[in-house]
Amino acid sequence: MLDGITGVGGRMPKPGDGSICSYCGAENVFDEHLSLRPMTKKERKMFARKPEYQIMRDVARIGIKQRTAKLN
Ligand SMILES: [Zn+2]
């Protein structure tokens, strides 16, 4: 089932989806062109209530912590 366009979690992002940078932890939203723009305060609150988003955010934070711990 590898078609070359499969996104993370087996689906492609759609406008309005949240995204967390696994490198710096920046929280972004896909706009109508599927470009990332920074999340507004309101959106961050809204996404923070979604369990799947909380997991995504925690995973990103753990990765960042591990990487920065190695550097120090
Ligand atoms: Zn980043």
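Structure notes:
- Residue selected from region 1-39 under the condition loosely packed, with under 12 Cβ neighbours inside 10 Å, within 22 Å of Val59 (Cβ to Cβ) and among the β-branched types (Val, Ile, Thr), by the criterion modelled with the lowest pLDDT: Thr6
- Yes/no for Glu43 being among the acidic types (Asp, Glu), at pLDDT below 95, more than 15 Å from the ligand (Cβ to nearest atom) and surrounded by 10 or more Cβ atoms within 10 Å (Cβ to Cβ): no
- Any hit, region 32-45, residues being among the β-branched types (Val, Ile, Thr) and in a helix (DSSP H, G or I): no
The values are calculated or read from the model by the stated rules, or taken from the named source; none is laboratory data. Predicted model, so just to flag it, every value in this text is computed and none were measured. Glycine gets a Cβ as well: all are built from the backbone with ideal geometry, and neighbour counts include every protein chain shown.
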